[in-house]
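As structure tokens, the structure follows; a few thoughts come after it.
The values are calculated or read from the model by the stated rules, or taken from the named source; none is laboratory data. Please read these numbers as outputs of a predicted model, since none were measured by experiment. Don't worry about glycine lacking a Cβ; one is built from the backbone with ideal geometry, like all the others, and counts go over all protein chains shown. Calculation scope for accessible area: heavy atoms of the full protein, side chains included, ligands and nucleic acids excluded. Shrake-Rupley method; radii C 1.70, N 1.55, O 1.52, S 1.80 Å.
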Amino acid sequence: MKLVFAGTPEVAVPALDALLASGRHEVAAVVTRPDAPAGRGRRLVASPVAQRAEEAGIEVLKPAKPRDPEFLERLRQIAPDCCPVVAYGAILPRIALDVPAHGWVNLHFSLLPAWRGAAPVQHAIMAGDEITGASTFLIEEGLDSGPVYGTVTEEVRPTDTSGDLLTRLAFAGAGLLAATMDGIEDGSLKAVPQPGDGVSLAPKVNVEDAHVDWRAPALRVDRLVRGCTPAPGAWTVFRGERLKLIQVRPVPERTELAPGALAVGKNSVHTGTGSYAVELLWVQAQGKKPMRAADWARGVRITDGELLGA
């Protein structure tokens, strides 16, 4: 088939690579978000997908909105058979959805209908899911509600951050997307409607969502920190400033600390929660680089009775 691939961030690159390597289909063009400011100089930088496409000598389309007339006209000229999508980052209007004969097929990082929305991996970790995966489905105008072509499953490991899990799903999902294109092309795959039950939503996780409540149980604190790493980053307050929490570890044997209370040992820092303590392993103070929590504690000289989140 002739394909137009739509995607933007680094997590979409393995899928593009898999389609380029398949040898069975032609990736005629790539659609991605416009260049965005990045770094200290806020210089405009092309998306990871755009950079990979340019390396491969593929035409890159960067519409401000996918309903822009110039973009739609170019899409019609290319006349793709199908448009595979991975984390493109914009809502596709019906007028664009109708262009390819086999529609737009999205690789979504959950086992649909669970975790429909922008942040499925983060929500799976924060909810304590033990199994997740990726799905390919035909895009409709509803939110991730279209019929499903295929799935792969992935275990959520006890120490997984959303970054860890998303990286594994990006590569597993790349193979799934390539296989889905093959199945659509030879007619061996038919999309199956999603069941009406089991629907859960995964809206974007913002900075306020990542604020740790030390009254919550230790497992919930641990899941929040892992789910929000690397972005947007879990955080608390210490001496009136934000302290980013990069890695913590539940310590079930320590139950005497009140929520937010700090206990500093020679090479350890523990904090109380609504159940038992967590050990702070890596933190990042405002304006500082990430550091081991024990080194941070020595630097700030924590006194008895000081709290996190106060």
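Could you tell me whether any residue of the range 221-240 is farther than 23 Å from residue 162 by Cα, touching a His at 6+ places or on another chain (Cβ under 8 Å) and assigned to a loop (DSSP other than H, G, I, E, B)?
no
Being of a type in the set (Asp, Glu), open to solvent by 60 Å² or more (accessible area, probe 1.4 Å) and free of Cβ contacts under 8 Å to residues at least 40 places away in the same chain is true for just one of 155, 141. Which residue is that?
155
For residue 73, work out the one condition from (1) out of contact with any strand residue (DSSP E or B) (no Cβ under 9 Å at 6 or more places or on another chain); (2) within 30 Å of residue 225 (Cα to Cα); (3) of a type in the set (D, E, K, R); (4) loosely packed, with under 13 Cβ neighbours inside 10 Å it doesn't fulfil.
(2)
Residues being of a type outside the set (Gly, Ala, Ser), within 16 Å of residue 224 (Cβ to Cβ) and within 29 Å of the chain's Cα centre (by Cα): count how many of those fall in the range 247-271.
5
I'd like the residue in the range 133-169 that is within 13 Å of the chain's Cα centre (by Cα) and assigned to a strand (DSSP E or B) and, out of all such residues, is nearest to residue 191 (Cα to Cα).
134
So, residue 52, is that one basic (Lys, Arg), in contact with a Phe, Trp or Tyr (Cβ under 9 Å, 6 or more places away or on another chain) and crowded, with 16+ Cβ neighbours inside 10 Å or not? If you could, list the steps in order and put the result at the bottom.
Details: basic (Lys, Arg): yes; in contact with a Phe, Trp or Tyr (Cβ under 9 Å, 6 or more places away or on another chain): no; crowded, with 16+ Cβ neighbours inside 10 Å: yes.
Judged against the criteria, residue 52 is not a match.
Restricting to the range 19-40, give me the number of residues that are farther than 25 Å from residue 66 by Cβ and open to solvent by 70 Å² or more (accessible area, probe 1.4 Å).
Residues flagged as farther than 25 Å from residue 66 by Cβ and open to solvent by 70 Å² or more (accessible area, probe 1.4 Å) within the range 19-40 amount to 4.
In the range 182-192, how many are surrounded by 10 or more Cβ atoms within 10 Å (Cβ to Cβ) and not acidic (Asp, Glu)?
Within the range 182-192, residues that are surrounded by 10 or more Cβ atoms within 10 Å (Cβ to Cβ) and not acidic (Asp, Glu) number 5.
Name the residue that is least open to solvent (accessible area, probe 1.4 Å), counting only residues in the range 161-171 that are touching a helix residue (DSSP H, G or I) at 6+ places or on another chain (Cβ under 6 Å) and of a type outside the set (A, V, I, L, M).
Among residues in the range 161-171 that are touching a helix residue (DSSP H, G or I) at 6+ places or on another chain (Cβ under 6 Å) and of a type outside the set (A, V, I, L, M), the one least open to solvent (accessible area, probe 1.4 Å) is 162.
Filter the range 242-262 down to the residues that are among the small types (Gly, Ala, Ser) and closer than 26 Å to residue 287 by Cβ, then identify the one that is most open to solvent (accessible area, probe 1.4 Å).
261
Specify the residue that is most open to solvent (accessible area, probe 1.4 Å); the eligible residues are those in the range 199-223 that are farther than 22 Å from residue 279 by Cα and among the small types (Gly, Ala, Ser).
Ranking the candidates gives 200 first.
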